[in-house]
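A.B. asks: Take a look at the following structure, please.
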Amino acid sequence: MFSGLGFSAAAGEILAITGPNGVGKTSLLRTIAGLVRAAAGSIEMDGGDPELTVPEQCHYLGHQDALKPSLSVRENLGFWADFLGGGGMAAEAALDAVGLIGLADLPTAYLSAGQKRRLSIARLLAAKRPVWLLDEPTSALDVAAQARLVELLRGHLRAGGIVLAATHGPLGLDARELRLGRAA
Amino acid sequence: MTTLGALLLRDVRLSVRIGGGALMGVLFFLIVVTLVPLAAGPDLALLARIGPAILWLGALLASLLTLDRLLAADHDDGSLDLVLMGRAPLELAVATKALAHWLTTGLPLVIAAPVLGLFLNLSPTAIGAVMLTLLVGTPALTATGLIGAALAVALRRGGLLLPVLVLPLTVPVLVFGVASANAAVVGPVPFGTPFTILCAVTLVSLVVGPFAAAAALRHGME
């Protein structure tokens, strides 16, 4: 997929991965998340939990929201918080942070695309993991929700987290850019 | 709540909610078993003789019916990616999913079997034998089906592939399940002989199934 790629991100840093469609932004994030095996090279983490692998310390927000339509908003979030290790915000606080607290008992099937996206962002808050891998995090979000996401990202960075975001538009944050391109 | 407990609870919840598969297997089982006496005619002796086989066949087909969504549904909505990134070993995570599948589709078949056994003119002994063999044998059906479900996700081919892959693996379960139920009723082999082999088949599939399924899923990531 790609070669000759090397980069590092420090605690509290956000890296915006940009580049044309099909250049491998999603594949890069999935490789870091351990969902695609790298043919060569390595991914290392300094100062993480030595008991855990890198993917076990990452949150991956992919194109799909990983929500079950027949479960309620609260049940979906509660499940992922428990499964991914918890230790983050309480479910109520995470739902409040993404503005879904009023819909907590509604089946997820009734949510709009943007609301589902916000619910899957709440997952990042409810289970504490230091590295966030975000694939097009702003897709389907309205302006207010995008601003809210920027605030959440700021909070995560202030706490010493790392964010890698594949994106086309500007994130509204002071992000270092990692531009993927085709070899000339 | 523990990681695996949360997964078990979620999968059980999903299958008993609207759109879940919990009742589908039992309904299919009911349809097969009620239609057989209508097709075979009112020969009570014949029904009693083929009854255990019909119940086993119905149970096997009913559990195949619900297997294809076992992992494919999670793959389609992106949940499987997060399960792979979870802190629980993948083998245990898929075993937990299989347990939830058995609790919601296998166990109801075992519970429904005595009622349906009456439709087939089975004696109380035969009903007891069929129930016991189903209780022991249906976990093997789920565990072998788990391998097929994982391969269908890994190879990105659903539908027909799964039964074709799984059916040969379920043949020993069917053969020894029916053999032990028959042995209990008509003999001449003692019940223990085929039943012990059925137990062995189940134990082997419970061990092999989760490991093979996890290996298939890991391989499929590439």
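The values are calculated or read from the model by the stated rules, or taken from the named source; none is laboratory data. Here the structure is a predicted model, which means the values were calculated and not measured. Because the Cβ atoms are built from the backbone with ideal geometry, glycine has one as well, and the counts that use them run over all protein chains shown.
A.B. asks: Go through (1) away from chain A (no Cβ under 14 Å); (2) assigned to a helix (DSSP H, G or I) one by one and return the number of the condition B:LEU122 breaks.
C.D. replies: Just one mismatch for B:LEU122, condition (2).
A.B. asks: Can you tell me which of B:THR144, B:THR170 is out of contact with any His (no Cβ under 7 Å at 6 or more places or on another chain), on the phi < 0 side of the Ramachandran plot and surrounded by fewer than 24 Cβ atoms within 10 Å (Cβ to Cβ)?
C.D. replies: On inspection, the qualifying residue turns out to be B:THR170.
A.B. asks: Now, a different point. Being among the hydroxyl-bearing types (Ser, Thr, Tyr), under 19 Å from A:LEU84 (Cα atoms) and either within 14 Å of another protein chain (Cβ to nearest Cβ) or in contact (Cβ under 8 Å) with a residue 60 or more places away in the chain (or both), is that true of even one residue in the stretch B:78-89?
C.D. replies: Yes, because at least one residue in the stretch B:78-89 is among the hydroxyl-bearing types (Ser, Thr, Tyr), under 19 Å from A:LEU84 (Cα atoms) and either within 14 Å of another protein chain (Cβ to nearest Cβ) or in contact (Cβ under 8 Å) with a residue 60 or more places away in the chain (or both).
A.B. asks: Hey, among the residues in the stretch B:173-196 that are crowded, with 16+ Cβ neighbours inside 10 Å and of a type in the set (Val, Ile, Thr), which one's modelled with the lowest pLDDT?
C.D. replies: This residue is B:VAL185.
A.B. asks: Next up: So, of the residues in the stretch A:140-172 that are in a loop (DSSP other than H, G, I, E, B) and in contact with a Lys or Arg (Cβ under 7 Å, 6 or more places away or on another chain), which turns out to be surrounded by the fewest Cβ atoms within 10 Å (Cβ to Cβ)?
C.D. replies: Result: A:ALA140.
A.B. asks: Could you please give the count of residues in the stretch A:131-172 that are within 20 Å of A:GLU44 (Cα to Cα) and within 14 Å of the chain's Cα centre (by Cα)?
C.D. replies: Qualifying residue count, the stretch A:131-172: 11.
A.B. asks: I would also like to ask the following. With the checklist (1) part of a loop (DSSP other than H, G, I, E, B); (2) within 19 Å of A:LEU15 (Cα to Cα); (3) within 14 Å of another protein chain (Cβ to nearest Cβ) in hand, flag the one item A:LEU134 doesn't pass.
C.D. replies: A:LEU134 satisfies all of (1) part of a loop (DSSP other than H, G, I, E, B); (2) within 19 Å of A:LEU15 (Cα to Cα); (3) within 14 Å of another protein chain (Cβ to nearest Cβ) except (1).
A.B. asks: If you don't mind, there's one more thing I want to ask. Assess whether B:GLY41 counts as being surrounded by fewer than 19 Cβ atoms within 10 Å (Cβ to Cβ) and under 27 Å from A:GLN57 (Cα atoms).
C.D. replies: For B:GLY41, the condition - surrounded by fewer than 19 Cβ atoms within 10 Å (Cβ to Cβ) and under 27 Å from A:GLN57 (Cα atoms) - is not met.
A.B. asks: Select, from B:ARG49, B:ARG17, the only residue that is within 14 Å of another protein chain (Cβ to nearest Cβ), of a type outside the set (Val, Ile, Thr) and surrounded by fewer than 20 Cβ atoms within 10 Å (Cβ to Cβ).
C.D. replies: Testing whether each residue is within 14 Å of another protein chain (Cβ to nearest Cβ), of a type outside the set (Val, Ile, Thr) and surrounded by fewer than 20 Cβ atoms within 10 Å (Cβ to Cβ) leaves just B:ARG17.
A.B. asks: Considering only residues that are among the polar types (S, T, N, Q) and touching a residue at least 40 places away in the same chain (Cβ under 8 Å), which ones fall in the stretch B:177-214?
C.D. replies: If the condition is that a residue be among the polar types (S, T, N, Q) and touching a residue at least 40 places away in the same chain (Cβ under 8 Å), then B:SER180, B:ASN182, B:THR202, B:SER205 are the ones that fit.
A.B. asks: Among the residues of the stretch A:114-131, what is the count of those that are within 18 Å of B:MET85 (Cβ to Cβ) and polar (S, T, N, Q)?
C.D. replies: So the count comes out to 1.
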